[in-house]
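Notes to accompany the following structure.
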Amino acid sequence: MSSNKTEDAVAEYLHELELRLTGLPVLQRRELLAEISAHISNERVERGVTSESDLLDLLERLGSPEVVAAAAYEEAGMGEPVLAYAGTAPAAARSLPAVLPPPDSPPPAYAGEFPPFAGHRPYSAPPVAGPPFAPPPPVRKQEDNTGLRVVIGVAIVTVVVVLLGCLAGGFLMVQSAGSDAPAATTVDRVEPAPPFPENPLVAPVPTVE
Amino acid sequence: MADVAQLSTSLRRGTLEFCVLAMVEHEHRYGTEIVRRFGEERNLAASEGTIYPLLSRLRRVGWLDSKWSESPTGPPRRYYALTDSGRSALEHFRSEWVSFRQTVDRLVGTGGA
């Protein structure tokens, strides 16, 4: 029974570690798991570790899977893994980006809330980073709105002007063609086609003429 | 407490790897042996499992070489040895460390002790 229990503890430890190393390049992951596994075997054989409590001591000296995995990512130059973390520090680090977008309105509230959770240093940054992000959006929105309005206005004016020009030209053509020849009937069918759909927009023109 | 742990972590960073290099300077040692040796140094005490990623990096940057060898008792052992570039890195650290230590001693007031 006890040997089964110790085997379970080792297997569980290695499994927990492997789960946390998924972000590492496969060869580094395999290498580390093999080394840790060999370390446990060596210690058990050479130090006569048999009881469950001795084995748990051994695993404790190794460090928790979170600690070992964090060291592995650091030595691999990969920073903190994004996934598979139960450690407190990484969790806090990850919550910061998630909090950044909202600071638009209440940055002071966050500045007040964070320090009590843990160390002051890591948390002093986000409030500082928050305000710079906050002011721009409103400004951009205003700029965007006014810009859009101007663009839309100009577009409408140009469209109306062009349509007016087209209609005026079209009617002049129709009138001159109508007075000229019998072929005007065919021209009539072709020419009025474009104006018709746009008539509602340019209703005043015919009345002017 | 957190600050104390932070301090020893910061001090260890950048120095521990040269302690590892020095440990295999004159004889090859296998991973568990290196880890045990560190376990005996209370000032350097880190979680033993974190030494292996360090060994892995030192091997990747070419300061350590490793060779597998059968063990009479347990699983195969990976023996580490210093490479030429590892040796020169260690020599460089030694001269830097002496002047660094003297400067810190002078500024912090620990030189006379």
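Observations, loosely collected:
- Condition broken by B:Thr73, with the remaining ones in (1) open to solvent by less than 30 Å² (accessible area, probe 1.4 Å); (2) within 8 Å of chain A (Cβ to nearest Cβ) satisfied: (1)
- For B:Ala81, the conditions (1) away from chain A (no Cβ under 12 Å); (2) assigned to a helix (DSSP H, G or I); (3) touching a strand residue (DSSP E or B) at 6+ places or on another chain (Cβ under 9 Å) are fulfilled apart from (2).
- Test: residue in the range B:22-33 that is in a helix (DSSP H, G or I), crowded, with 20+ Cβ neighbours inside 10 Å, in contact with a strand residue (DSSP E or B) (Cβ under 6 Å, 6 or more places away or on another chain) and within 13 Å of another protein chain (Cβ to nearest Cβ): yes
- Flag if B:Gly62 is in contact with a Gly (Cβ under 9 Å, 6 or more places away or on another chain), away from chain A (no Cβ under 12 Å) and either open to solvent by less than 50 Å² (accessible area, probe 1.4 Å) or not in a helix (DSSP H, G or I) (or both): yes
- Scanning the range A:52-67 for residues that are closer than 22 Å to B:Leu54 by Cβ and either at the interface with chain B (Cβ under 8 Å from one of its Cβ atoms) or open to solvent by less than 40 Å² (accessible area, probe 1.4 Å) (or both) returns A:Leu58, A:Leu59, A:Arg61, A:Leu62, A:Gly63, A:Ser64, A:Pro65, A:Val67.
- Number of the exception - B:His92 against (1) more than 22 Å from A:Ala72 (Cα to Cα); (2) at pLDDT below 95; (3) not acidic (Asp, Glu): (2)
- Members of the range B:43-52 that are open to solvent by 10 Å² or more (accessible area, probe 1.4 Å) and within 13 Å of chain A (Cβ to nearest Cβ): B:Ala45, B:Ala46, B:Ser47, B:Glu48, B:Thr50
- Lone qualifier among B:Arg57, B:Arg36 - being within 13 Å of chain A (Cβ to nearest Cβ), open to solvent by 40 Å² or more (accessible area, probe 1.4 Å), closer than 21 Å to A:Ala76 by Cβ and in a helix (DSSP H, G or I): B:Arg57
- Looking across the range A:32-51, the residues that are more than 7 Å from every other protein chain (Cβ to nearest Cβ) and of a type in the set (S, T, N, Q) come down to A:Ser37, A:Thr50, A:Ser51.
- Test: residue in the range A:72-79 that is farther than 14 Å from B:Pro53 by Cα and at pLDDT 90 or above: no
The values are calculated or read from the model by the stated rules, or taken from the named source; none is laboratory data. Here the structure is a predicted model, which means the values were calculated and not measured. Every residue, glycine as well, gets a Cβ built from its backbone with ideal geometry; the counts of neighbours run over all protein chains shown. All accessible areas refer to the heavy atoms of the entire protein, side chains included, with ligands and DNA or RNA removed. Shrake-Rupley method; radii C 1.70, N 1.55, O 1.52, S 1.80 Å.
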